[in-house]
Amino acid sequence: MGQSIASVLSDHLEASLVAAMDREGSELIGRDMGELTVGASSGVCITSDVEEFLKNVEVVIDFSIASASAKLLPLCAGQHIPMVIGTTGLDPETRAGLERAAERVPIVFAPNYSQGVNALYFLAARATELLGPGFDAEIVEIHHRNKVDAPSGTAVHLGEIVARAKGLDPGGAVSHGRSGQVGSRPTEEIGVMALRGGDVVGEHTLYLVGEGERLELTHRATDRSIFARGAVRAAQWVVGRPAGLYDMADVMGIPR
């Protein structure tokens, strides 16, 4: 993701890369970020020194691991540097640190920075509400053969959104796959199916199926740079905002 963000910034008109950091001991330390991403020198060399990294930045984009984010959060808060965080799998302690930091600086924190996926979340909730309980909801996602988790985090979140739009408890309504003599489909059930194969970047479809008609809402990702583009948009948006914890709905102006 770091290299993808650097690539997006290389031809951006309103934002630029000024620093890059990787873990201590990484083979990329000292390498020019531009040479790694677009094959041309950018003058930005990767460092493991956090003080050097934070020296001249207006906003930090962090896609790392929970332990690294936990160390970066108080440093950015102490220097009043806004953040965009895409790190997933935060433990309760790191999440608490995130919330403490957001009391001092503006932070965008989202599990998925795809602008299309976040639009899908909004459209899914609205369509579910409009069509009402007479339409069954099913979610199908497909990803490349090497993805290790199933269903995807995006599909899980989509199921939660649809469940809430139906007035249901996501914990009891969402069913992950079916097998055997399962009987008739319960009315208050949301099925989530996971497919794996090839090099599919990611595809999610919500089916709202009624009597004699169905509505399909699909998001297809064909390039992983969509997540970097969303993160860069969030970084531009968050600079100058009041301290607080924001997400992509805030960035995109999506109604709650």
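The values are calculated or read from the model by the stated rules, or taken from the named source; none is laboratory data. Worth saying up front: this structure is predicted, and the values here are computed from it rather than measured. Using ideal geometry, Cβ is built from the backbone for each residue, glycine included, and neighbour counts are taken over all protein chains shown.
Select from region 215-239 the residues that are free of Cβ contacts under 8 Å to residues at least 40 places away in the same chain and charged (D, E, K, R) and list them in ascending order.
216, 220, 223
Would you point out which residue out of 17, 9, 28 is of a type outside the set (Gly, Ala, Ser), in contact with a Leu (Cβ under 6 Å, 6 or more places away or on another chain), assigned to a loop (DSSP other than H, G, I, E, B) and assigned by TED's automatic domain parsing to the domain that holds residue 248?
Unique residue meeting the criteria: 17.
Quickly run through region 31-64 and pick out the residues that are over 22 Å from the mean Cα position of the chain (by Cα) and in a helix (DSSP H, G or I).
The answer is 33, 34, 35, 36, 50, 51, 52, 53.
Taking region 181-205 as the region of interest, how many residues are assigned to a loop (DSSP other than H, G, I, E, B), in contact (Cβ under 8 Å) with a residue 24 or more places away in the chain and β-branched (Val, Ile, Thr)?
So the answer is 3.
Output the residues belonging to region 222-256 that are touching an Asp or Glu at 6+ places or on another chain (Cβ under 7 Å) and within 19 Å of residue 2 (Cα to Cα).
Result: 236, single match.
Could you check, for region 56-79, whether at least one of its residues is hydroxyl-bearing (Ser, Thr, Tyr), crowded, with 18+ Cβ neighbours inside 10 Å and in contact with a Gly (Cβ under 6 Å, 6 or more places away or on another chain)?
No: region 56-79 contains no residue that is hydroxyl-bearing (Ser, Thr, Tyr), crowded, with 18+ Cβ neighbours inside 10 Å and in contact with a Gly (Cβ under 6 Å, 6 or more places away or on another chain).
What residue, of 82, 92, is in the same structural domain as residue 240 (by TED's automatic domain parsing), farther than 27 Å from residue 56 by Cα and either in contact (Cβ under 8 Å) with a residue 12 or more places away in the chain or surrounded by fewer than 17 Cβ atoms within 10 Å (Cβ to Cβ) (or both)?
Checking each option against the conditions leaves just 92.
Here's a check for you: in region 29-55, which residue that is among the aliphatic types (A, V, I, L, M) and over 26 Å from residue 112 (Cα atoms) is surrounded by the most Cβ atoms within 10 Å (Cβ to Cβ)?
44
Out of the residues in region 112-159 that are in contact with a helix residue (DSSP H, G or I) (Cβ under 9 Å, 6 or more places away or on another chain) and among the acidic types (Asp, Glu), which is nearest to residue 226 (Cα to Cα)?
By that ranking, first place goes to 141.
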